[in-house]
Amino acid sequence: MAYETIIVEVEDHVATIKLNRPDALNALNSELLRELGTALAEADRNDKVRAIIITGSPKAFAAGADIKEMSEKSYVDMYMSDYFGPEGGAIVSTRKPIIAAVAGYALGGGCELAMMCDFIIAADTAKFGQPEINLGVIPGLGGTQRLTRFIGKSKAMDMVLTGRFMGAEEAERSGLVSRVVPAKSLLEEARSAAEKISEKSMISLLAAKEQVNNAYETTLAQGLLSERRAFHALFNTEDQNEGMSAFMEKRSAQFRDR
Ligand code: HXC
């Protein structure tokens, strides 16, 4: 499928979606988020794809929602279109694992998009921020909620109220990103993580993602029960048998998603 604002490449089992509005530092407009939702749904449907990477350019993952697009809108426009609500929903409803590979600016909606992915690998050049306060607004795509869950109230308040940027080191120390790598090897590292994921059983990948996400939605007791039941259910799969047999036979497992 041809897209205007993103570039999608499928190589082996990994779909890489590159945000591609270089003149606007990949600012997220309605078209880009619509195309991203379509590409993610397509990757979810494509049996060949087992892991997804979302990335930007060396200068910017995404510098936020498109301020030029938003600037003319009224409350009624925003409310009636539920601005970026459905688009955000389409991203988080993707079932396959998504890695955000972030270099340069991940600001506002860009930081929020990275947080909607399953984990973030950051280049040492990455800069995260929620600078919406400088525009007389607040984050609107999860920044006040997800950032607080990731890095805690004090740091989230600091970021959201001052609008300051956080470098890659601080982001890793704070739990926002899973690892920091040299900028030149960002895509290589993300691909290698995605390929490692691709070797697993898709059944256990989907179950694992669901259960980790569940940790944000339930009480501890409900989450633990839900995890245990999903763990038990995996004993009804051929892949569980294959994984455990392979371990005992000292060979690598050949999962077949059954
Ligand atoms: C539209 C943007 C943009 C944005 C950059 N550009 N960010 N256009 N929306 N968010 C455009 C600039 O206008 C400029 O285009 C070009 O990209 C290059 O940007 P410069 O500012 O010239 O680059 P630089 O001096 O290097 O500064 C980089 C920057 C700065 C620090 C990232 O661009 C910046 O502060 N951007 C805005 C960041 C921001 O406030 N994000 C939050 C947005 S609100 P021209 O044509 O002028 O050359 C948000 C809400 C989310 O995200 C919730 C939605 C529901």
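For the stretch 2-74, applying the loop criterion from DSSP together with a ceiling of 15 other beta carbons within 10 Å to the trypsin sites (Lys or Arg not before Pro) yields Lys48, Lys59, Lys73. Close amide H contacts of Ile6 (hydrogens built in the peptide plane, cut-off under 5 Å, sequence separation of 5 or more or a different chain): Asn20.
Val92 contributes about 70 Å² of solvent-accessible surface, heavy atoms of the protein only, 1.4 Å probe. Taking θ as phi - 60° and the Karplus parameters 6.51, -1.76 and 1.60, the scalar couplings of the stretch 198-211 work out to 4, 6, 7, 6, 4, 5, 6, 4, 5, 5, 5, 4, 4, 6 Hz in sequence order, x denoting glycine and proline. Pairs from the list Lys59/Lys155; Lys48/Lys209; Lys200/Lys250; Lys155/Lys196 with a Cα-Cα gap above 21 Å: Lys59/Lys155; Lys155/Lys196. Computed on protein heavy atoms with a 1.4 Å probe, the accessible areas place Asp124, Asp44 in the order Asp124, Asp44, largest first.
Calculated mean residue ellipticity, 222 nm, the chain: -14000 deg cm²/dmol, from DSSP H runs (n ≥ 4) at -39500 (n - 2.57) each, averaged per residue and rounded to 500. Stretching the chain fully between Leu225 and Ser93 yields a gain of 45.3 nm (0.36 nm per residue, less the alpha carbon separation). Across the protein chains, with a 1.4 Å probe defining accessible surface, the residues Ser57, Ser154 rank Ser154, Ser57 from largest area downward. Taking every DSSP beta bridge that has both ends in the chain, the antiparallel portion is near 30%.
Karplus-derived 3J(HN,Hα) values for the stretch 49-59, using 6.51 cos²θ - 1.76 cosθ + 1.60 with θ = phi - 60°, are 7, 10, 7, 10, 10, 10, 9, x, 10, x, 7 Hz; glycine and proline are entered as x.
Surface composition of the stretch 6-198: carbon and sulfur make up 54 percent of the accessible area, probe 1.4 Å. For the modelled label position 7 Å from the Cα of Thr38 along Cα-to-Cβ, which residues of the stretch 64-87 have backbone nitrogen atoms closer than 17 Å? Only 86-87 fall inside the zone, counting backbone N under 17 Å. For the stretch 204-258 versus the stretch 104-162, the inter-centroid distance based on Cα atoms is 31 Å. Sites count as exposed loop sites when they are GluC sites (Glu not before Pro), lie in a DSSP loop, and have at most 15 other Cβ atoms within 10 angstrom; the longest stretch of the chain without one is 73-198.
Between the alpha-carbon centers of the stretch 79-99 and the stretch 1-72, tell me the distance in whole angstrom. The stretch 79-99 and the stretch 1-72 have Cα centres separated by 13 Å.
Seen against the Cα atoms of the chain and their longest principal axis, helix 153-162 is set at about 30 degrees.
To the nearest ten degrees, helix 238-248 and the longest principal axis of the Cα atoms of the chain are 70 degrees apart. I'd like the orientation of helix 220-233 relative to the chain: the angle between its Cα long axis and the longest Cα principal axis, in ° from 0 to 90, rounded to 10. Rounded to the nearest ten degrees, it is 40.
The values are calculated or read from the model by the stated rules, or taken from the named source; none is laboratory data. Computed from a predicted structure; not experimentally measured. Reconstructed Cβ throughout: ideal geometry from the backbone, glycine too, with neighbour counts over all protein chains shown. With ligands, DNA and RNA removed, areas are computed over all heavy atoms of the protein, side chains included. Shrake-Rupley method; radii C 1.70, N 1.55, O 1.52, S 1.80 Å.
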